[in-house]
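Engineer: Handing you this structure, nothing more for now.
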Amino acid sequence: MNGKLIVFEGCEGGGKTTQIQQTDQWLRDQLGSSVPAILTTKEPGGTALGRSLRNILLDSRLEEPIAPTAELLLFACDRAQHVETFLKPHLKQGAIILCDRFTDSTIAYQGFGRGLDKNLIKQLNQIATVGLESDLTLWFDIEIEKGLARTQSRGKMDRMEKADLAFHQRVNQGFCELADQAGDRIIRIDANLSLQQVSLQIQTILTQYLLKWGFTL
Ligand code: Z5A
């Protein structure tokens, strides 16, 4: 696998989506045509199948609640398709991929948030990814209330965002524990700061990693 998979993780409203767009442009400016491709994608929803699954997973008007295990399997299904048909082929060709959420979200949301067995989730992640891990994960650490206020100010909230505050606090605790255990695979970003300050943190970290990986800036 020649490319690099850089994942943006964290609770709602941390600014992942905004910063992925900024980082995409920054990487293009830094690396020019020296890499085969710079791509952005997300989970759920990085493939055609994934977009259908995303509509189901985030739909707040479903006639019945999605059972936690069914929810877990839908996220795993999205990931299996994404890894096999998008991530692995593009990484093999040397692409740098910026991905909005990946395996750590499942441990944080379905494990810590919903209370499902974390070892089972790790096994399921292993099946869905066939062992693919991020080269670097940027964890957008934001105060829960602040992040939810940002998403609420956008208007309509989706099914996951509508979960209660205690759920989001458990998810946040999950990301904290994952970051503690992961060494330098997961790097904390202070997402409470301004857009510009967050961008600067990301660019500083990415510069270190790109040089470590042998890219010329
Ligand atoms: N999920 C799961 O449960 N299990 C899994 O395995 C996976 C996912 C893969 C995906 O929803 C949901 O699926 C998610 C986890 C779950 N659930 N929730 N809740 P999504 O992809 O639609 O939502 P999200 O990933 O949570 O994205 P988000 O809510 O849009 O947040 P964001 O991408 O981190 O933030 P943003 O869209 O860039 O910014 C939000 C707003 O804040 C926006 O108006 C910005 O202009 C503003 N913003 C951003 N940065 C700043 C700063 N620094 N200052 C001020 N304002 C800012």
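The values are calculated or read from the model by the stated rules, or taken from the named source; none is laboratory data. Quick caveat, the model's predicted, so the values are computed rather than measured. Neighbour counts run over all protein chains shown; Cβ positions are idealised from the backbone, glycine included. Accessible surface is based on the protein model in full, side chains and every heavy atom, while ligands, DNA and RNA are left aside. Shrake-Rupley method; radii C 1.70, N 1.55, O 1.52, S 1.80 Å.
Engineer: Hey, among S34, S60, S52, which residue is open to solvent by 10 Å² or more (accessible area, probe 1.4 Å), hydroxyl-bearing (S, T, Y) and free of Cβ contacts under 8 Å to residues at least 60 places away in the same chain?
Structural biologist: Details: S34 fails: free of Cβ contacts under 8 Å to residues at least 60 places away in the same chain; S60 fails: free of Cβ contacts under 8 Å to residues at least 60 places away in the same chain.
When all the criteria are applied, what remains is S52.
Engineer: Hey, among the residues in segment 186-217 that are within 11 Å of the ligand (Cβ to nearest atom) and either over 23 Å from K146 (Cα atoms) or of a type in the set (S, T, Y) (or both), which one's most open to solvent (accessible area, probe 1.4 Å)?
Structural biologist: S194
Engineer: A further question follows. Which condition does D29 not pass, out of (1) within 12 Å of the ligand (Cβ to nearest atom); (2) surrounded by fewer than 18 Cβ atoms within 10 Å (Cβ to Cβ), if it passes all the others?
Structural biologist: The single condition D29 does not satisfy is (1).
Engineer: Would you call F86 assigned to a helix (DSSP H, G or I), hydrophobic (A, V, I, L, M, F, W, C), closer than 30 Å to F215 by Cα and open to solvent by 30 Å² or more (accessible area, probe 1.4 Å)?
Structural biologist: Taking the combined requirement at face value, the residue satisfies it.
Engineer: For segment 171-217, what are the residues that are small (G, A, S), under 18 Å from A108 (Cβ atoms) and without any contact (Cβ under 8 Å) to a residue 40 or more places away in the chain?
Structural biologist: Of the residues in segment 171-217, the ones small (G, A, S) are 174, 179, 182-183, 191, 194, 199, 214.
If we keep only those that are under 18 Å from A108 (Cβ atoms) as well, we get 174, 179, 182-183, 191.
G183 - this is the single residue of segment 171-217 that is small (G, A, S), under 18 Å from A108 (Cβ atoms) and without any contact (Cβ under 8 Å) to a residue 40 or more places away in the chain.
Engineer: Could you look through segment 176-185, keep only residues that are under 27 Å from R150 (Cβ atoms) and part of a helix (DSSP H, G or I), and pick out the one that is farthest from the ligand (Cβ to nearest atom)? If you could, list the steps in order and put the result at the bottom.
Structural biologist: Keep residues of segment 176-185 that are under 27 Å from R150 (Cβ atoms), which gives 176-180, 182, 185.
Now restrict to residues that are part of a helix (DSSP H, G or I): 176-180, 185.
Working: C176: 16, E177: 16, L178: 13, A179: 16, D180: 20, R185: 17 Å.
Checked segment 176-185; the qualifying residue farthest from the ligand (Cβ to nearest atom) is D180.
Engineer: Same structure, new question: Looking only at residues in segment 89-112 that are part of a loop (DSSP other than H, G, I, E, B) and more than 8 Å from the ligand (Cβ to nearest atom), which one is nearest to the chain's Cα centre (by Cα)? Outline the logic, then answer.
Structural biologist: Let us first name the residues in segment 89-112 that are part of a loop (DSSP other than H, G, I, E, B), namely 93-95, 101-102.
Filter again for more than 8 Å from the ligand (Cβ to nearest atom), leaving 93-95.
Numbers: Q93: 22, G94: 20, A95: 17 Å.
In this case the residue turns out to be A95.
Engineer: Run L206 past the list (1) of a type outside the set (V, I, T); (2) modelled with pLDDT of 95 or more; (3) over 29 Å from D29 (Cα atoms) and report the number of the one that doesn't hold.
Structural biologist: In the conditions (1) of a type outside the set (V, I, T); (2) modelled with pLDDT of 95 or more; (3) over 29 Å from D29 (Cα atoms), L206 misses (3) alone.
Engineer: Find the residue count for segment 113-167, including only residues that are open to solvent by 80 Å² or more (accessible area, probe 1.4 Å), modelled with pLDDT of 95 or more and in a loop (DSSP other than H, G, I, E, B).
Structural biologist: 4
Engineer: Additional query: Tell me, please, whether a residue that is away from the ligand (no atom under 12 Å from the Cβ), within 16 Å of D135 (Cβ to Cβ), outside any helix (DSSP H, G or I) and open to solvent by 70 Å² or more (accessible area, probe 1.4 Å) can be found in segment 64-82.
Structural biologist: Among the residues of segment 64-82, not one is away from the ligand (no atom under 12 Å from the Cβ), within 16 Å of D135 (Cβ to Cβ), outside any helix (DSSP H, G or I) and open to solvent by 70 Å² or more (accessible area, probe 1.4 Å), which makes the answer no.
Engineer: Given (1) within 14 Å of the chain's Cα centre (by Cα); (2) open to solvent by 10 Å² or more (accessible area, probe 1.4 Å); (3) within 21 Å of A179 (Cα to Cα); (4) in contact (Cβ under 8 Å) with a residue 60 or more places away in the chain, identify the lone condition not met by T18.
Structural biologist: Against the list (1) within 14 Å of the chain's Cα centre (by Cα); (2) open to solvent by 10 Å² or more (accessible area, probe 1.4 Å); (3) within 21 Å of A179 (Cα to Cα); (4) in contact (Cβ under 8 Å) with a residue 60 or more places away in the chain, T18 comes up short only on (3).
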